[in-house]
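The values are calculated or read from the model by the stated rules, or taken from the named source; none is laboratory data. Here the structure is a predicted model, which means the values were calculated and not measured. In this analysis, Cβ positions are derived from the backbone assuming ideal geometry, glycine residues included, and neighbour counts consider all displayed protein chains. Ligands, DNA and RNA are stripped out before the accessible areas are found, and what is left, the full protein with its side chains, is counted by its heavy atoms. Shrake-Rupley method; radii C 1.70, N 1.55, O 1.52, S 1.80 Å.
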Amino acid sequence: MNLLYAFYERRALNAFVENDFPKARDLFNKMLKKWPQRIGIRHNLGLVYVALRDFQAAETCFLKDLEDYGESVSRHRALGDLYFSWGKASESAQHYEKALALARAENRGSRSEISPDINFMQRRIALCNNEEAFRKAMEGEAALQRGLAAQQHKDWELAYREFKTAAEADPTNFPAWNNRGSIAMNMYKDIDEAKRCFAEAAKLSAAPAIMQNLLLVTKGR
């Protein structure tokens with residue numbers, strides 16, 4: 001791998017993980033200009049734009065990737081997540097359905113239990129197709145954003161409450177479950193609540209950070 005590319009990628013991903021989204025945006029944009037044909041840069045840039053709540057810019061990134069590189073679970077899933085956060089239920093359902101069909105085709109013949117990603121998309125489609133449930137989910141999205149802002153300011157009590165509100169309004173909101181679990185574990189030492197939250201998050205996402213959190217509280221018992 002090109003050492004300069006690896007250097008930029010590490011800095012950009014670190015900025016993203018550290019929630020320094022403007023820095024991540026600037027770095028991924030520089031990478032896109034320097035390596036315009038490198039798959040993955042525009043996708044990551046789109047994720048940064050979602051975090052910045054710049055939904056139109058994110059849409060441009062994700063649709064361009066879909067046009068250039070074709071259909072995939074991750075590309076349709078990214079668009080489904082984007083439109084969900086944007087409050088566009090029909091567009092979100094359309095892309096979740098395409099991602100779900102592709103995911104099922106990839107998993108065909110597998111004897112394993114239903115994957116967290118498939119479970120997540122099935123439940124999100126149901127939310128999108130229920131007007132009242134989707135309205136509540138949008139209230140949960142707003143609570144998640146308030147919780148993230150409170151977390152940035154180290155207002156743990158407010159963040160803890162907002163993440164609970166978000167998860168209750170939208171049970172598919174795995175970031176809310178995971179973030180509430182992290183505060184329960186690290187700030188309040190409430191291992192039972194942390195375990196409950198991480199378990200709910202793990203039903204919806206196989207993200208390594210969530211699985212690691214669940215493993216930590218499970219082994220600690």
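Points to keep in mind about this one:
- Of all residues in segment 190-204, those satisfying the criterion of being open to solvent by less than 10 Å² (accessible area, probe 1.4 Å) and either charged (D, E, K, R) or touching a Phe, Trp or Tyr at 6+ places or on another chain (Cβ under 8 Å) (or both) are 197, 198, 201, 204.
- Residues (at pLDDT below 95 and part of a helix (DSSP H, G or I)) located in segment 7-52: 17
- Residue satisfying all of: in segment 137-189; touching a Lys or Arg at 6+ places or on another chain (Cβ under 7 Å) and open to solvent by 10 Å² or more (accessible area, probe 1.4 Å); farthest from residue 83 (Cα to Cα) among these: 160
- In segment 1-25, of all residues being among the aromatic types (Phe, Trp, Tyr) and open to solvent by less than 80 Å² (accessible area, probe 1.4 Å), the one that is nearest to residue 150 (Cα to Cα) corresponds to 21.
- Among the residues of segment 66-90, those that are surrounded by fewer than 21 Cβ atoms within 10 Å (Cβ to Cβ) and over 19 Å from residue 173 (Cβ atoms) comprise 66, 67, 68, 69, 70, 71, 72, 73, 74, 90.
- Hey, residue 56 under 25 Å from residue 12 (Cα atoms), open to solvent by 10 Å² or more (accessible area, probe 1.4 Å) and modelled with pLDDT under 95 or not: no
- Checked against the criterion of being of a type in the set (Gly, Ala, Ser) and more than 23 Å from residue 185 (Cα to Cα), segment 147-155 contains not a single residue that satisfies it.
- Check on residue 218, open to solvent by 40 Å² or more (accessible area, probe 1.4 Å), closer than 30 Å to residue 74 by Cβ and modelled with pLDDT under 95: yes
- Annotation: of all residues in segment 104-136 being small (Gly, Ala, Ser) and either in contact (Cβ under 8 Å) with a residue 24 or more places away in the chain or open to solvent by 70 Å² or more (accessible area, probe 1.4 Å) (or both), the one that is nearest to residue 202 (Cα to Cα) is 115.
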